[in-house]
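Colleague: Submitted below is the structure of interest, expressed as structure tokens.
The values are calculated or read from the model by the stated rules, or taken from the named source; none is laboratory data. What you see is a predicted model; the values in this text were computed from it and never measured. Note that each Cβ is placed from the backbone with ideal geometry, even for glycine, and that neighbours are counted across all protein chains shown. Surface accessibility is based on the protein's heavy atoms, side chains included, excluding ligands, DNA and RNA. Shrake-Rupley method; radii C 1.70, N 1.55, O 1.52, S 1.80 Å.
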Amino acid sequence: MKKFLFLLAGILLVLPLCAQSAFSETQKEHDRRMQWWRDARFGMFIHWGLYAVPAGTWDTTTTHGEWIRTTAQIPLKQYDSLVSRFNPVRFNADKWVKAAKDAGMKYIVITSKHHDGFCMFDSKYTDFDIMSTPFKRDVLNELAAACRKQGMKLCFYHSIMDWHHPDYLPRRDWEKDRPLAGADFERYVRHMKDQLKELLTKYGDIGVLWFDGEWENTWSDQRGIDLYKYVRGLNPSIIINNRVSSSRSGLEGFTAEGGFAGDFGTPEQQIPATGMPGTDWESCMTMNDHWGYNKHDKNWKTSKDILRMLADIASKGGNYLLNVGPTAEGIFPPESIERLRDIGAWMNVNGEAIYRTQASPFLHLEWGRCTQKKIANGTRLYFHVFDWPVSGTLAIPGIYNRPVKAYLLSDRKKTPLKIERKKETLFIAVGRTAADTINTVVVLDVAGKADINNPPVFLSDGSTFIDTLTVSVQSMREDVEVRYTNDGSDPQANSPIVSASLKLKETTTLSAQCFRRGTPVSGIVRMTYTRVVPEPSVSLDSARAGIRYTYVEGAWEKLPSFDSLQAVSTGVLPAITLLPEASTNNFAVEYTGYLHIPSNGMYTFYTTSDDGSRVMIGDRVVVDNDGLHGNVEKEGRIALAAGYHPLRIQYFQGTGGKDLKFSYRGPGAAKQDVPGTMLFIGK
């Protein structure tokens, strides 16, 4: 909860504001552009390309997917041979679109080009495309026609990263057959823009451009902003995800503080625990363990899993982008078809509880989820009941609105259900038998805006401070007073009312609660804010710029103990950066020196790394980002006095992508990379 409240203070509005700053539009214009997507809530992701031919198998390994060229380390010439084997003669665009539509999906996002560089459309800028295969049909053109005919929004996934184009940089560590000589990344960017222009001018109305592969060091926020502007210049109404930029905070999918965030966040294979109020987001997930087709992967999510995920995501204000990986023949796997049919059967009855809904007004419901929408003079609440009450009575806790009517969404007659109130809880007589064992939707219409006993929230820049800290206490509810105490005791009807921000000068435990005409109408929120003494600096004789490094090699699943390892190389660098010699998988680097802090204050440090990293200042671990993982950002906060502080940064790389960024935010300084001017070594 604490993390959630701090997020509210900082990044909830990042996405729309960042998008508007990159391309001039008012909030009204932004909302109008996003409206169809927000209403849709449910879409189909399609990963399809040359990687469908090996179907997950290379040599004796059967665990590959759309990343097979790099996970199997396939030389380019050998991978190119798949072009002559890609002949999806059973592909039928109308059937694909109908399957998505019958499942209740409102848009399709298909890979126009994945990281392997192969284009699923007829491009005049490359021969590495669908027209070079025996199939020789532009599948995107056929899908565009089918989508227009069936009223489906067509969208494109397009990879910024390209393992095939000679000008894309950097190369894979293991590629020995592709020399760097003559490569020009700027020329690659122009090529990518040329292809994006084809995609946005040849195939009719495209709803979303879904970028990916933005995390390598050749891409940046500034390049992302430029590409965002370019695409919006071609199609002002298009929606663009945050992966157009380089600041995504790992698979969590949200943009790191201070980065450019596009139009929506992209949590991958996960659902944010509390959603992200005020931010547009979309969870993308596979049906099994792979995006591209893998014939050996039988770890399928059940229809029950998928349907409850859909309700969960909608209840948190997000969209659900569910993936299908077609075979090399051009058909959906039978397991995918079965699940799409099950989803469609449920959506045919209950789609109203998903489309055009907003996030739940309840913080938590033990038995299920809730979505809502405005109606004349009130609010319609859709209760998604996963665990049917054995008593036959559904308890709706902490609701103060006057109930108007209740009924089962599956009941076409809308037969009224009996409603009783006991204090702040409504009880709806729903019967002992669920209409749907996966998710039965109970509808409740209430007068006015949903009035739920959610407590206030504290908004502040962290929970520790040196001299003073400003804390605001807010509630989105109507007709309530927020009363507080600063000694940890429970607020009372005569406690002070929060009328402005509170300025703390000492360690304080704040408690706050909503009251209405002297009666408490919420739970209590409580937070301790701690005044701390800055970590003292140390003296440093003969300081000179730079940071020492120790480079070692080996295979680990977490950061190794550097003291026990034999160094491959050591030296001094001008800044925290990966070494040129770190060109293979399975290595680690330790950086040691001193960090010069310009003034006393609270400082937040960040590492973004693939794989694990750790930051130690003095004898304290400030950032712990250890373990095998994709590009993930972690942060830590510490009070530091002006001057020099011992610094140690550790990083290790297993296999796959590699990256390390070290950044900070402090008094008067927005988030930024730690510059070389702050790094020093002694004698």
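Colleague: Kindly indicate which of 356, 369, 339 is assigned to a strand (DSSP E or B), in contact with a helix residue (DSSP H, G or I) (Cβ under 8 Å, 6 or more places away or on another chain), open to solvent by 10 Å² or more (accessible area, probe 1.4 Å) and in contact (Cβ under 8 Å) with a residue 12 or more places away in the chain. Steps first, please.
Modeller: Details: 356 fails: assigned to a strand (DSSP E or B); 339 fails: assigned to a strand (DSSP E or B).
Exactly one residue qualifies, and that residue is 369.
Colleague: Take the conditions open to solvent by 20 Å² or more (accessible area, probe 1.4 Å) and either out of contact with any helix residue (DSSP H, G or I) (no Cβ under 8 Å at 6 or more places or on another chain) or under 26 Å from residue 253 (Cα atoms) (or both) and apply them to residue 193. Does it pass?
Modeller: On the way: open to solvent by 20 Å² or more (accessible area, probe 1.4 Å): yes; either out of contact with any helix residue (DSSP H, G or I) (no Cβ under 8 Å at 6 or more places or on another chain) or under 26 Å from residue 253 (Cα atoms) (or both): yes.
Here the answer is yes, as residue 193 does meet what is asked.
Colleague: Right, here's the next one. Considering every residue within region 408-430, establish whether at least one is within 26 Å of residue 319 (Cα to Cα) and hydrophobic (A, V, I, L, M, F, W, C).
Modeller: Yes: one or more hits.
Colleague: Further, regarding this structure: Would you confirm whether or not region 318-336 contains a residue that is within 20 Å of residue 270 (Cα to Cα) and open to solvent by 30 Å² or more (accessible area, probe 1.4 Å)?
Modeller: Checked against the condition, which is being within 20 Å of residue 270 (Cα to Cα) and open to solvent by 30 Å² or more (accessible area, probe 1.4 Å), region 318-336 yields no hits at all.
Colleague: Further question on the same structure: Just to verify a result, which residue in region 543-577, among those that are part of a loop (DSSP other than H, G, I, E, B) and within 17 Å of residue 647 (Cα to Cα), is most open to solvent (accessible area, probe 1.4 Å)? Full working, then the answer.
Modeller: Residues of region 543-577 part of a loop (DSSP other than H, G, I, E, B): 543, 546, 554-561, 565-568, 574-577.
Imposing the further condition that a residue be within 17 Å of residue 647 (Cα to Cα) reduces the set to 543, 546, 559, 561, 574-577.
Numbers: 543: 42, 546: 1, 559: 19, 561: 71, 574: 98, 575: 31, 576: 27, 577: 63 Å².
So the residue we want is 574.
Colleague: Assess whether residue 220 counts as being surrounded by fewer than 20 Cβ atoms within 10 Å (Cβ to Cβ), at pLDDT 95 or above and small (Gly, Ala, Ser).
Modeller: no
Colleague: Being out of contact with any Leu (no Cβ under 9 Å at 6 or more places or on another chain), in a loop (DSSP other than H, G, I, E, B), free of Cβ contacts under 8 Å to residues at least 40 places away in the same chain and not aliphatic (A, V, I, L, M), is that true of even one residue in region 619-632? Step through it out loud before you land on a result.
Modeller: Residues of region 619-632 that are out of contact with any Leu (no Cβ under 9 Å at 6 or more places or on another chain), as a first pass: 619-625, 628.
Checking which are in a loop (DSSP other than H, G, I, E, B) leaves us with 619, 628.
Filter once more, keeping what is free of Cβ contacts under 8 Å to residues at least 40 places away in the same chain: 619.
This time we only want the ones that are not aliphatic (A, V, I, L, M), so: 619.
The answer is yes, given that some residue of region 619-632 is out of contact with any Leu (no Cβ under 9 Å at 6 or more places or on another chain), in a loop (DSSP other than H, G, I, E, B), free of Cβ contacts under 8 Å to residues at least 40 places away in the same chain and not aliphatic (A, V, I, L, M).
Colleague: I've got another one for you. Return only the number of the condition from (1) over 28 Å from residue 37 (Cα atoms); (2) in contact with a Phe, Trp or Tyr (Cβ under 7 Å, 6 or more places away or on another chain) that residue 126 does not satisfy.
Modeller: Unmet for residue 126, out of (1) over 28 Å from residue 37 (Cα atoms); (2) in contact with a Phe, Trp or Tyr (Cβ under 7 Å, 6 or more places away or on another chain): (2).
Colleague: State which residue is farthest from the chain's Cα centre (by Cα) when the search covers only region 364-419 and only residues that are within 24 Å of residue 523 (Cβ to Cβ) and among the aromatic types (Phe, Trp, Tyr).
Modeller: The qualifying residue farthest from the chain's Cα centre (by Cα) is 400.
Colleague: Still on this model: Of everything in region 658-670, what is modelled with pLDDT of 90 or more, part of a strand (DSSP E or B) and touching a Gly at 6+ places or on another chain (Cβ under 7 Å)? Give them in sequence order.
Modeller: Result: 666, single match.
Colleague: Being open to solvent by 10 Å² or more (accessible area, probe 1.4 Å), outside any loop (DSSP other than H, G, I, E, B) and more than 21 Å from residue 115 (Cβ to Cβ) is the filter here, so list the residues in region 128-144 that pass it.
Modeller: 141, 142, listed by residue number.
Colleague: Scan (1) open to solvent by less than 20 Å² (accessible area, probe 1.4 Å); (2) more than 29 Å from residue 566 (Cβ to Cβ) for the single condition residue 600 breaks and write down its number.
Modeller: All conditions are met except number (1).
Colleague: Please tell me if residue 380 is in contact with a His (Cβ under 6 Å, 6 or more places away or on another chain) and modelled with pLDDT of 95 or more. Walk me through how you get there before you give the answer.
Modeller: Numbers: in contact with a His (Cβ under 6 Å, 6 or more places away or on another chain): no; modelled with pLDDT of 95 or more: yes.
No.
Colleague: In addition: Being in contact with a His (Cβ under 8 Å, 6 or more places away or on another chain), surrounded by fewer than 21 Cβ atoms within 10 Å (Cβ to Cβ) and touching a residue at least 24 places away in the same chain (Cβ under 8 Å) narrows it down to one of 203, 188, 157, 230, so name that one.
Modeller: 188
Colleague: Looking only at region 281-303, how many residues end up being part of a loop (DSSP other than H, G, I, E, B) and open to solvent by less than 20 Å² (accessible area, probe 1.4 Å)?
Modeller: Residues in region 281-303 being part of a loop (DSSP other than H, G, I, E, B) and open to solvent by less than 20 Å² (accessible area, probe 1.4 Å): 6 in total.
Colleague: In region 48-64, which residues are under 24 Å from the mean Cα position of the chain (by Cα) and open to solvent by less than 10 Å² (accessible area, probe 1.4 Å)?
Modeller: Within region 48-64, 48 is the sole residue that qualifies.
Colleague: Among the residues of region 96-127, what is the count of those that are open to solvent by 10 Å² or more (accessible area, probe 1.4 Å), touching a residue at least 60 places away in the same chain (Cβ under 8 Å), of a type in the set (D, E, K, R) and not in a loop (DSSP other than H, G, I, E, B)?
Modeller: So the count comes out to 1.
Colleague: Only one residue in 272, 277 is open to solvent by 40 Å² or more (accessible area, probe 1.4 Å), modelled with pLDDT under 95, farther than 23 Å from residue 51 by Cβ and assigned to a loop (DSSP other than H, G, I, E, B), so which one is that?
Modeller: Within the list 272, 277, the selection yields 277.
Colleague: Shifting gears a bit: Note down all Cβ pairs under 8 Å where the first residue falls in region 238-265 and is at positive phi, the second is of a type in the set (D, E, K, R), and they're at least six residues apart or on different chains.
Modeller: 250/633; 253/268; 258/665; 258/671; 262/243
Residue by residue, here is whether (1) touching a residue at least 40 places away in the same chain (Cβ under 8 Å); (2) closer than 29 Å to residue 309 by Cβ holds:
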{"residue": "31", "(1), (2)": "no, yes"}
{"residue": "45", "(1), (2)": "yes, yes"}
{"residue": "49", "(1), (2)": "yes, yes"}
{"residue": "52", "(1), (2)": "yes, yes"}
{"residue": "58", "(1), (2)": "no, no"}
{"residue": "61", "(1), (2)": "no, no"}
{"residue": "64", "(1), (2)": "yes, yes"}
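Colleague: Go through region 342-353 and give me each residue that's open to solvent by less than 30 Å² (accessible area, probe 1.4 Å), more than 15 Å from residue 43 (Cβ to Cβ) and either in contact with a strand residue (DSSP E or B) (Cβ under 7 Å, 6 or more places away or on another chain) or aliphatic (A, V, I, L, M) (or both).
Modeller: Scanning region 342-353 gives 350, 353.
Colleague: Does residue 453 meet the test of being over 30 Å from residue 303 (Cα atoms), among the polar types (S, T, N, Q) and surrounded by 18 or more Cβ atoms within 10 Å (Cβ to Cβ)?
Modeller: On the way: over 30 Å from residue 303 (Cα atoms): yes; among the polar types (S, T, N, Q): yes; surrounded by 18 or more Cβ atoms within 10 Å (Cβ to Cβ): yes.
Yes: the conditions hold for residue 453.
Colleague: Got a number for residues in region 628-653 being under 30 Å from residue 213 (Cβ atoms) and at pLDDT 90 or above?
Modeller: Looking only at region 628-653, we keep the residues that are under 30 Å from residue 213 (Cβ atoms), and these are 628-636, 649-653.
Then drop every residue that is not at pLDDT 90 or above, which leaves 628, 634-636, 649-653.
Result for region 628-653: 9.
Colleague: I'm trying to understand the selection: among the residues of region 65-81, which are in a loop (DSSP other than H, G, I, E, B) and either among the β-branched types (Val, Ile, Thr) or open to solvent by 40 Å² or more (accessible area, probe 1.4 Å) (or both)?
Modeller: 67, 73, 74, 75, listed by residue number.
Colleague: In region 469-497, how many residues are closer than 19 Å to residue 399 by Cβ and either open to solvent by 80 Å² or more (accessible area, probe 1.4 Å) or of a type in the set (Phe, Trp, Tyr) (or both)?
Modeller: Adding up the residues that qualify gives 3.
Colleague: Let me ask another. Going by the structure shown, is residue 655 open to solvent by 20 Å² or more (accessible area, probe 1.4 Å) and either part of a helix (DSSP H, G or I) or of a type in the set (S, T, N, Q) (or both)?
Modeller: Yes.
Colleague: Can you name the residue in region 201-243 that is among the hydrophobic types (A, V, I, L, M, F, W, C) and part of a strand (DSSP E or B) and, of all such residues, is nearest to residue 142 (Cα to Cα)? Talk me through it step by step, then tell me what you get.
Modeller: First, the residues of region 201-243 that are among the hydrophobic types (A, V, I, L, M, F, W, C): 206, 208-211, 215, 219, 225, 227, 231, 234, 238-240.
Those left that are additionally part of a strand (DSSP E or B): 206, 208-211, 239-240.
On the way: 206: 14, 208: 18, 209: 18, 210: 20, 211: 22, 239: 22, 240: 23 Å.
Per the stated criteria, the residue is 206.
Colleague: Among the candidates 458, 515, which residue alone is open to solvent by less than 50 Å² (accessible area, probe 1.4 Å) and either at pLDDT below 95 or touching a helix residue (DSSP H, G or I) at 6+ places or on another chain (Cβ under 9 Å) (or both)?
Modeller: On inspection, the qualifying residue turns out to be 458.
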